[in-house]
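*Asks:* Mind having a look at this structure? Questions to follow.
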Amino acid sequence: MIECTNISKTYVTGAMETPVLKNVTFTINDGEFVAIMGPSGSGKSTLMHILGALDTPTNGEYKLDGRVVSQLSDDELAELRQSKIGFVFQSFNLLSRTSVLRNVALPLVYAEIPEEERLARAAKALKAAGMDESRFHHMTNQISGGQMQRVAIARALVNDPSLLLADEPTGNLDTKTGDIVLGTFQKLHTLGHTIVLITHEPYVAEHANRIITIKDGVIISDIKNTHVRAITTSHDL
């Protein structure tokens, strides 16, 4: 699914050049659950933006499902992000005075999907993310942080994307709630979803089946995780 070959990224401010990624090469196959781990400033967030087609490398080539992303037009990039990639962020990015169900259905409005189908697909995504049906019509400012993150995961799933990108998804959660959210990702992985999780915490990375560690813009290790931290998901958030 993902092929990164000699990816480099340098930001230029005036006469100053700041290299962030340096000749990064790796592949991720369909159905893998991969954590990209590194400290602040390591380049992992820049790499996530490239994987999510939100930024382009200065040098090197990124292919998603066999397509060279840097060669796509703006319209093709927008279509790629809408149909192929689901994003989950640390800050949830939900509409606070809108119901859980309609928050998840929102991306389908832009795709001009009829309302009845939007709500049916949103309900299906919420169930896949482990959200209790009794909370579907709550406003998002009436639910807990862990429930908000499950709503955000469901919203990322609603277009049935090939790739799910999660940027520090437990960063605003306590350990117990974070564990439940990580268990949700593990469940989605068993259902065949491809997941790339960005984190600075080894404990979080250990829930993935493969860990790529990046430091100072360079991959320093890429290992199969033989001791995955298994978590049973729960509705009690």
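*Asks:* Is it the case that Asn172 is among the polar types (S, T, N, Q) and modelled with pLDDT under 90?
*Replies:* On the way: among the polar types (S, T, N, Q): yes; modelled with pLDDT under 90: yes.
So Asn172 passes the test.
*Asks:* Restricting attention to region 76-103, which residues are closer than 21 Å to Glu168 by Cβ and among the β-branched types (Val, Ile, Thr)?
*Replies:* Result: Ile85, Val88.
*Asks:* Scan (1) part of a helix (DSSP H, G or I); (2) closer than 30 Å to Ile2 by Cβ; (3) of a type outside the set (Gly, Ala, Ser) for the single condition Glu112 breaks and write down its number.
*Replies:* Glu112 satisfies every listed condition except (1).
*Asks:* Are any of the residues in region 158-180 assigned to a helix (DSSP H, G or I), surrounded by fewer than 20 Cβ atoms within 10 Å (Cβ to Cβ) and out of contact with any Gly (no Cβ under 8 Å at 6 or more places or on another chain)?
*Replies:* The answer is yes; a qualifying residue exists.
*Asks:* Can you tell which of Arg150, Arg155, Arg121, Arg102 is assigned to a helix (DSSP H, G or I), under 25 Å from Lys63 (Cα atoms) and out of contact with any Lys or Arg (no Cβ under 6 Å at 6 or more places or on another chain)?
*Replies:* Details: Arg150 fails: under 25 Å from Lys63 (Cα atoms); Arg121 fails: under 25 Å from Lys63 (Cα atoms); Arg102 fails: under 25 Å from Lys63 (Cα atoms).
Step by step, each of Arg150, Arg155, Arg121, Arg102 is checked, and only Arg155 is assigned to a helix (DSSP H, G or I), under 25 Å from Lys63 (Cα atoms) and out of contact with any Lys or Arg (no Cβ under 6 Å at 6 or more places or on another chain).
*Asks:* Run down Thr13, Thr25 and say which single residue is surrounded by fewer than 16 Cβ atoms within 10 Å (Cβ to Cβ) and touching a residue at least 24 places away in the same chain (Cβ under 8 Å). Break it down into steps so the answer makes sense when it comes.
*Replies:* On the way: Thr13 fails: touching a residue at least 24 places away in the same chain (Cβ under 8 Å).
Only one candidate qualifies: Thr25.
*Asks:* Any idea which residue in region 95-118 is surrounded by the fewest Cβ atoms within 10 Å (Cβ to Cβ), counting only those that are over 20 Å from the mean Cα position of the chain (by Cα) and among the polar types (S, T, N, Q)?
*Replies:* It comes out as Ser96.
*Asks:* Something else: Would you check if there is a residue in region 11-25 being within 26 Å of His189 (Cβ to Cβ) and not in a strand (DSSP E or B)?
*Replies:* Among the residues of region 11-25, not one is within 26 Å of His189 (Cβ to Cβ) and not in a strand (DSSP E or B), which makes the answer no.
*Asks:* Taking the condition of a type outside the set (Ser, Thr, Tyr) and more than 16 Å from the chain's Cα centre (by Cα), does Gly145 pass? Give the steps one after another, and end with the answer.
*Replies:* Details: of a type outside the set (Ser, Thr, Tyr): yes; more than 16 Å from the chain's Cα centre (by Cα): yes.
Yes: the conditions hold for Gly145.
*Asks:* List the number of the failed condition for Val204; all other conditions in (1) aliphatic (A, V, I, L, M); (2) closer than 14 Å to Arg150 by Cα; (3) part of a helix (DSSP H, G or I) hold.
*Replies:* Of everything listed in (1) aliphatic (A, V, I, L, M); (2) closer than 14 Å to Arg150 by Cα; (3) part of a helix (DSSP H, G or I), Val204 misses just condition (2).
*Asks:* Which one is nearest to the chain's Cα centre (by Cα) among residues in region 57-76 that are part of a loop (DSSP other than H, G, I, E, B) and surrounded by fewer than 16 Cβ atoms within 10 Å (Cβ to Cβ)? Spell out how you get there, then give the answer.
*Replies:* Let us first name the residues in region 57-76 that are part of a loop (DSSP other than H, G, I, E, B), namely 57-58, 65-66, 72-73.
From the residues that got through so far, the ones that are surrounded by fewer than 16 Cβ atoms within 10 Å (Cβ to Cβ) too are 58, 65-66, 73.
Values: Thr58: 23, Asp65: 17, Gly66: 20, Ser73: 23 Å.
Among them, the one singled out is Asp65.
*Asks:* Restricting attention to region 207-228, which residues are part of a strand (DSSP E or B) and either among the aliphatic types (A, V, I, L, M) or modelled with pLDDT under 95 (or both)? Outline the logic, then answer.
*Replies:* Looking only at region 207-228, we keep the residues that are part of a strand (DSSP E or B), and these are 210-215, 218-224.
Hits for region 207-228 are Ile211, Ile212, Ile214, Val218, Ile219, Ile220, Ile223.
*Asks:* A further question follows. Hey, among Arg121, Arg155, which residue is touching a residue at least 12 places away in the same chain (Cβ under 8 Å) and surrounded by fewer than 21 Cβ atoms within 10 Å (Cβ to Cβ)? Show your work before the answer.
*Replies:* Numbers: Arg155 fails: surrounded by fewer than 21 Cβ atoms within 10 Å (Cβ to Cβ).
Result: Arg121 is the single residue among Arg121, Arg155 that is touching a residue at least 12 places away in the same chain (Cβ under 8 Å) and surrounded by fewer than 21 Cβ atoms within 10 Å (Cβ to Cβ).
The values are calculated or read from the model by the stated rules, or taken from the named source; none is laboratory data. Owing to the predicted nature of the structure, the values given are computational and were not obtained by experimental measurement. Reconstructed Cβ throughout: ideal geometry from the backbone, glycine too, with neighbour counts over all protein chains shown.
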